[in-house]
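The values are calculated or read from the model by the stated rules, or taken from the named source; none is laboratory data. For clarity, every value in this text was computed on a predicted model and none was experimentally measured. When we count neighbours, we look across all protein chains shown, and the Cβ atoms used for this are built from the backbone with ideal geometry, even at glycine.
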2 protein chains.
Amino acid sequence: MLMHQLHSYLNAYASNPVTDEDFEIIKSHFTNKTLRKRQYFLEEGEICKHFAYIIKGAMRKYHVDDQGKEHVVDLYIENWWAGDLESFVMLKPSIYYVDACEDCELMLITNESKIKLCSQLPSFNQFLLKLDERNHIATQRRITSTISSSAKVRYDDFASCYPEFLQRFPQHIIASYLGITKETLSRVRSQVS
Amino acid sequence: MLMHQLHSYLNAYASNPVTDEDFEIIKSHFTNKTLRKRQYFLEEGEICKHFAYIIKGAMRKYHVDDQGKEHVVDLYIENWWAGDLESFVMLKPSIYYVDACEDCELMLITNESKIKLCSQLPSFNQFLLKLDERNHIATQRRITSTISSSAKVRYDDFASCYPEFLQRFPQHIIASYLGITKETLSRVRSQVS
DNA sequence: TTAGACTGTTGACATTTGTCAACATTTTAT
DNA sequence: ATAAAATGTTGACAAATGTCAACAGTCTAA
């Protein structure tokens with residue numbers, strides 16, 4: 001079982017370690033799922049019933065505009081969470097697709113379970129707050145970079161911040177994440193830094 | 001006292017109303033502050049010791065790049081929170097400025113108080129989670145819009161999503177928030193929708 | 001009240017980035 | 001094994017946006 005990965009992960013965010021008993025409770029609220037490369041986890045119009053903790057693999061979230069163009073909004077690898085929060089908490093049909101960029105092993109949780117765990121285990125609540133904090137900070141940096149910098153600088157920032165991602169996602173997906181075309185990314189990469 | 005505004009605001013986010021006793025505890029952790037238009041709440045290099053709940057007024061957070069250009073990262077009005085979370089929780093010098101775009105009345109809280117309230121009052125913890133959720137969702141939409149759409153569409157989205165902001169912030173600040181120049185915004189506005 | 005800052009618009013031109021097409025390699029599915 | 005799909009690069013050109021300068025109206029502080 002790869003469950004222990006979630007346990008270490010939770011501990012990394014908690015101020016005090018999560019006890020084995022608490023972890024048993026947490027574990028009981030998750031289910032396992034595997035996805036093959038290119039399979040959908042979520043499709044536009046669906047309600048996001050689960051959030052996915054990624055044990056292994058890589059995923060992306062993207063939006064398809066009126067002209068049918070894909071825009072990658074998020075990239076995820078091991079120890080990240082995939083899903084559409086807006087749909088998950090508001091029970092609204094999602095405007096996003098989430099799919100697997102590699103074969104994936106996931107652990108899924110429903111919103112009811114999340115709420116139950118929050119009220120039952122203060123450490124879980126605390127964990128979620130820390131997670132949101134971290135997420136908020138990363139997003140803030142991303143927005144700053146997006147509105148302030150040229151394509152080249154954005155790519156360099158991304159590459160130095162998430163070097164692994166360069167190995168794991170194809171360039172056209174990274175380009176889309178950065179809000180530029182694959183051609184522009186290709187050209188930007190061939191410039192010296 | 002305008003404290004009751006915070007109380008209603010908290011209630012709007014809680015699943016059960018915040019009792020008067022709980023609110024007394026919460027209130028005791030806040031201090032009041034006023035800012036005149038154009039005064040700083042936070043300057044680059046400082047540690048963000050307080051987060052500000054805005055009772056009245058309007059503020060912005062911005063970043064100054066190597067070439068001395070300002071890039072507005074966030075806009076805030078009544079019932080929003082202003083500050084730099086990264087600096088606040090990590091005690092790192094901030095890379096942002098936060099200043100008042102109108103005369104402001106604020107209620108300030110430190111990170112220690114926030115942590116204390118979280119552990120003492122589950123309802124406060126819950127409140128923060130909801131707030132982060134809402135913030136996360138809004139930010140997700142903003143990123144989607146920024147990487148997917150032209151200047152005109154971004155402005156129209158912004159205008160329909162935050163019509164008040166058009167009245168309260170000058171155009172060059174909105175332009176910067178949208179990641180475009182004031183000249184481009186001026187031109188985009190003169191096109192018919 | 002007055003000079004200076006702040007705000008907003010417009011024109012001419014430069015730069016960045018996108019679009020479309022062609023092509024080569026690699027990976028994937030049958 | 002083979003065809004199709006996915007990935008990545010390049011060129012020619014188009015479109016979007018930025019830059020800089022000039023200008024005018026409004027607000028603000030001494």
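For this structure, a couple of remarks:
- Qualifying position, being more than 11 Å from every other protein chain (Cβ to nearest Cβ) and either away from DNA strand C (no atom under 12 Å from the Cβ) or small (Gly, Ala, Ser) (or both), among A:Ala159, A:Ala175: A:Ala159
- Test: residue in segment B:165-178 that is more than 13 Å from DNA strand D (Cβ to nearest atom), under 22 Å from B:His4 (Cβ atoms) and surrounded by fewer than 18 Cβ atoms within 10 Å (Cβ to Cβ): no
- Residue in segment B:7-15 that is within 16 Å of DNA strand D (Cβ to nearest atom) and not in a helix (DSSP H, G or I) present: no
- Residue check, A:Ile180 within 14 Å of chain B (Cβ to nearest Cβ) and more than 10 Å from DNA strand C (Cβ to nearest atom): no
- Residues in segment B:51-68 that are in contact with a helix residue (DSSP H, G or I) (Cβ under 8 Å, 6 or more places away or on another chain) and at pLDDT 95 or above: B:Phe51, B:Tyr53, B:Ile55, B:Ala58, B:Arg60, B:Tyr62, B:His63.
- Hits in segment B:1-48 (condition: of a type in the set (S, T, N, Q) and more than 16 Å from B:Gln126 (Cα to Cα)): B:Gln5, B:Ser28, B:Thr31, B:Asn32, B:Thr34, B:Gln39
- Within segment A:115-129, being part of a helix (DSSP H, G or I), touching a residue at least 12 places away in the same chain (Cβ under 8 Å) and buried (at least 16 other Cβ atoms within 10 Å of the Cβ) holds for A:Leu117, A:Ser123, A:Phe124, A:Gln126, A:Phe127, A:Leu128.
- Number of the exception - B:Leu129 against (1) aliphatic (A, V, I, L, M); (2) within 11 Å of DNA strand D (Cβ to nearest atom); (3) at the interface with chain A (Cβ under 8 Å from one of its Cβ atoms); (4) more than 27 Å from A:Ile173 (Cβ to Cβ): (2)
Results for (1) touching a strand residue (DSSP E or B) at 6+ places or on another chain (Cβ under 8 Å); (2) more than 10 Å from chain A (Cβ to nearest Cβ); (3) within 13 Å of B:Met59 (Cα to Cα), shown as yes or no for each residue.
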| residue | (1), (2), (3) |
| --- | --- |
| B:Asp74 | yes, no, yes |
| B:Glu78 | yes, yes, yes |
| B:Gly83 | yes, yes, yes |
| B:Ser87 | yes, no, no |
| B:Leu91 | yes, yes, no |
| B:Tyr97 | yes, yes, yes |
| B:Cys101 | yes, yes, yes |
| B:Met107 | yes, yes, no |
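- Subset of segment B:1-53 (residues that are of a type in the set (A, V, I, L, M), surrounded by fewer than 16 Cβ atoms within 10 Å (Cβ to Cβ) and under 25 Å from B:Pro170 (Cβ atoms)): none
- If the condition is being loosely packed, with under 14 Cβ neighbours inside 10 Å and within 8 Å of DNA strand C (Cβ to nearest atom), then segment B:183-193 contributes B:Glu183, B:Ser186, B:Arg187, B:Ser190.
- Annotation for segment B:110-121: at least one member residue is more than 16 Å from DNA strand C (Cβ to nearest atom) and of a type in the set (Asp, Glu).
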